[in-house]
Amino acid sequence: MLVRPAARFLTGNLTVRLLHELKRRRLAQYVTAYGAGGWAVLEVLDQLIQNAIVPGFLYNVALVLFLCCIPGVFIITWYHGAKGDQVAPTIEKVLLAGVCVVALAAGGVTVRRGLAENAPTVAALDALKPTDDPRRIAVLYFEAPQDAEFLASGLTESLITELSQVQPLTVVSRNGVVPYRDSRVTADSVGRALQVGTVVEGRLAQSDSVVRISVEMTKVSDGSTIKSFNVQRPRTELFELQDELARTVALNLREAVGTELQLIEGQSGTDNVQAWELLQRAQAARDEAAELTALDDVEAARRSYEGADSLLAQAEKLDPDWVTPTTQRGWIAYDQARLGGFDRPRTAEWIRQGMEHANRALGKNSTDADALELRGTLQYWPYLINLTEEPGEAQRLFEGAERDFQASVRNNPQQASAHAALSHLLLNKGSTSLAKVEAERSYRADPYLRNANVTLWRLFFASLELQDETEARNWCNEGRRRFEDDFRFRECQVWMNVLPRGAEDPAPDIARGWELCDEWVDLAPPNVREFHRARCQIVMAMSLVRAGLPDSARHVLERSRVAPDVDPIRDLSYLEAIARTWLGDYDVALERLSEFLAANPAQAASFADDDGWWLADLRKQPGWATLVGGP
């Protein structure tokens, strides 16, 4: 009977002492503060997840860490909650270390599980069809009121540029989405056409002081919305708006892509918002000029080019160190040089003005890839059109253009248009293998380059030059798939019949060749249709040679002759020289080649070094060295 009252006394005494210690060490206050702080953090994180700024599984990670750290709060409060100086005994350190290990292990498991549940693996993504792969992205031009279209275009192109720098992503270039700029085609249809898994659309609205963008991201495979969100900034903070827009789009893709997307901060090249806006207005005016040129409204196009140049001149004054406006003025001069036919004095004057802008741009930045490509183009174009009549000057221009194109792609390996220009130059130089390499680099860097059809044609013809039938057929088919109505990809099918054939190879299908010829000529632009009819006849004459029908080939060649105004640079004479060589008509072949070189004297050097298969037998003839200046 005496034991039980004593036990109750001791138990009650211990409880009182424990409560006293907990009160003295202020455990309730610290635990309450920890709970309130943890709740606030979880609430903030929940808002970030709802706005698609961070992936959803991070909430579970934070909750696990919060719960695992509760014992640590008790331990720290017990040893350090009381007022006065305290020391950290060894037992406290050991207990806290154990809590940290448990928390980190539980957090790590939660992170791994979240990534596994919310994102496919890289291997799984690689196995997807293009339209199922969220890493393949097309950013469509944002909609905007008419007075803000230039601003929407500038922000769209900035977003394309910045997302293109994110390593896991494949982003369709500006050239790829331009055809859909004013289209009413649905986002998922555009995505299928461009072979992407994600389409980003937006609408811009502005007031006097604020720019607001509403963005929607669409899953191409089923047309569903991945995310939608709004971004807004004061108009004076357009550069910050660019960065925030790109960052928000990238963060919304994290869950689907399953990797951290790190953006390179956008660099417009200027910190002057007004100068940047003037550049966007100028780009819109230049695009309008290009559309007017396509409609053959030359005078209206010139006025648009003049307006664009004036806007760029203002931008230059606002930021004299910014290279881009100066380079763009050079490209406008080049556009003017090619506008409205070939007027030698006028063309020469525009080339001169363009070179002045190019040299000023390179004075600001000697390694700027755009400025180097511009200067190379302004040297290469006069060479191509024989603007200079002095052979030494033509060679100087050719070599200068090659150096500038090489420097441009060296400074920016993704400079697709410079790769394409260099490819053309190398073909003219006779360096077929290198020309093909540059064309492939151009196509890889930007399959949607404005003249991607020409790049594909160049890849086809370089393969033909190298007698690579498989590659030639591949590029011809790719061109036909992408550019169904481009005459070149009927032409390439006719050219496939001219490759050398073995004794067991089937003869060319001449009837099908003539059918393709008709399609080729019908698809050619009306103003050059007569030229292409004659060109097709010569290629068919080559096919007839391969089919063992030399008399028919000669007959077709005779009727392919055209007036000089149809073929001013005598390309057809060169093709006939090839056909005549295969027929063994060497005197006629030399005569036709002489006609070609008379119109293109600067190209004699490339023939002297030529070792291709087209004219292999003609090079053995006595008149060859005299004609081309070779040994």
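The values are calculated or read from the model by the stated rules, or taken from the named source; none is laboratory data. Remember, predicted model here, so these are calculated numbers, not experimental data. Because the Cβ atoms are built from the backbone with ideal geometry, glycine has one as well, and the counts that use them run over all protein chains shown.
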- Out of all the residues in the range 616-623, is one or more within 20 Å of Leu464 (Cα to Cα) and assigned to a loop (DSSP other than H, G, I, E, B)? yes
- Would you mention how many residues in the range 583-627 are over 28 Å from Ser552 (Cα atoms) and under 41 Å from the mean Cα position of the chain (by Cα)? 14
- May I ask you to verify whether Asp335 is charged (D, E, K, R), closer than 17 Å to Ala371 by Cα, assigned to a helix (DSSP H, G or I) and touching a residue at least 40 places away in the same chain (Cβ under 8 Å)? yes
- Going through the range 484-510 in order, the residues found to be more than 27 Å from Tyr448 (Cβ to Cβ) and outside any helix (DSSP H, G or I) are Leu499, Pro500, Arg501, Gly502, Ala503, Glu504, Asp505, Pro506, Ala507, Pro508, Asp509
- Item | Criterion: assigned to a helix (DSSP H, G or I), in contact (Cβ under 8 Å) with a residue 24 or more places away in the chain and either of a type in the set (Gly, Ala, Ser) or under 19 Å from Pro500 (Cβ atoms) (or both) - qualifying residue of Gly548, Gly513 | Gly513
- Item | Filter result (within 16 Å of Gln379 (Cα to Cα) and part of a loop (DSSP other than H, G, I, E, B)) within the range 338-357 | Arg338
- So which helices (runs of 4 or more DSSP H) are wholly in the range 54-118 and hold at least 1 residues that are in contact with a Phe, Trp or Tyr (Cβ under 8 Å, 6 or more places away or on another chain) and at pLDDT below 75? 70-80, 90-118
- Just need a number here: residues in the range 180-223 that are in a loop (DSSP other than H, G, I, E, B) and in contact with a helix residue (DSSP H, G or I) (Cβ under 9 Å, 6 or more places away or on another chain). 13
- Of all residues making up the range 127-167, the number that are over 23 Å from Thr324 (Cα atoms) and assigned to a helix (DSSP H, G or I): 5
- Report yes if some residue within the range 335-357 is modelled with pLDDT of 95 or more, within 30 Å of Leu597 (Cα to Cα) and buried (at least 24 other Cβ atoms within 10 Å of the Cβ); otherwise report no. yes
- Collect the residues in the range 296-330 that are part of a loop (DSSP other than H, G, I, E, B) and exposed (fewer than 15 other Cβ atoms within 10 Å of the Cβ), keeping them in residue-number order. Asp296, Asp297, Pro320, Asp321
- Query: Out of the range 358-375, which residues are farther than 21 Å from Ser423 by Cα and part of a helix (DSSP H, G or I)?
  - Reply: Ala358, Asn359, Arg360, Ala361, Leu362, Gly363, Lys364
- From the options Arg580, Arg533, residue that is modelled with pLDDT of 95 or more, over 16 Å from Val498 (Cβ atoms) and not in a loop (DSSP other than H, G, I, E, B): Arg533
- Looking only at the range 418-453, which residues are of a type in the set (S, T, N, Q) and touching a helix residue (DSSP H, G or I) at 6+ places or on another chain (Cβ under 6 Å)? Ser423, Thr432, Ser442
- Residue in the range 212-244 that is surrounded by the fewest Cβ atoms within 10 Å (Cβ to Cβ), counting only those that are more than 14 Å from Leu159 (Cβ to Cβ) and of a type in the set (A, V, I, L, M, F, W, C): Ile226
- Message: Residue pairs, Cβ under 9 Å, 6 or more apart or interchain, first in the range 264-283 and among the β-branched types (Val, Ile, Thr), second in a loop (DSSP other than H, G, I, E, B) and at pLDDT below 90. List them.
- Response: Ile264/Gln165; Ile264/Val166
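Okay, residues lined up against (1) over 24 Å from Asp567 (Cα atoms); (2) touching a residue at least 12 places away in the same chain (Cβ under 8 Å):
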{"residue": "Glu484", "(1), (2)": "yes, no"}
{"residue": "Glu491", "(1), (2)": "no, yes"}
{"residue": "Leu499", "(1), (2)": "yes, yes"}
{"residue": "Ala534", "(1), (2)": "no, yes"}
{"residue": "Gln537", "(1), (2)": "no, yes"}
- Item | Criterion violated by Glu558 - all others in (1) assigned to a helix (DSSP H, G or I); (2) modelled with pLDDT under 90 satisfied | (2)
- Picking from Ser183, Ser173, Ser158, which residue would you name as being under 20 Å from Leu449 (Cβ atoms) and at pLDDT below 85? Ser183
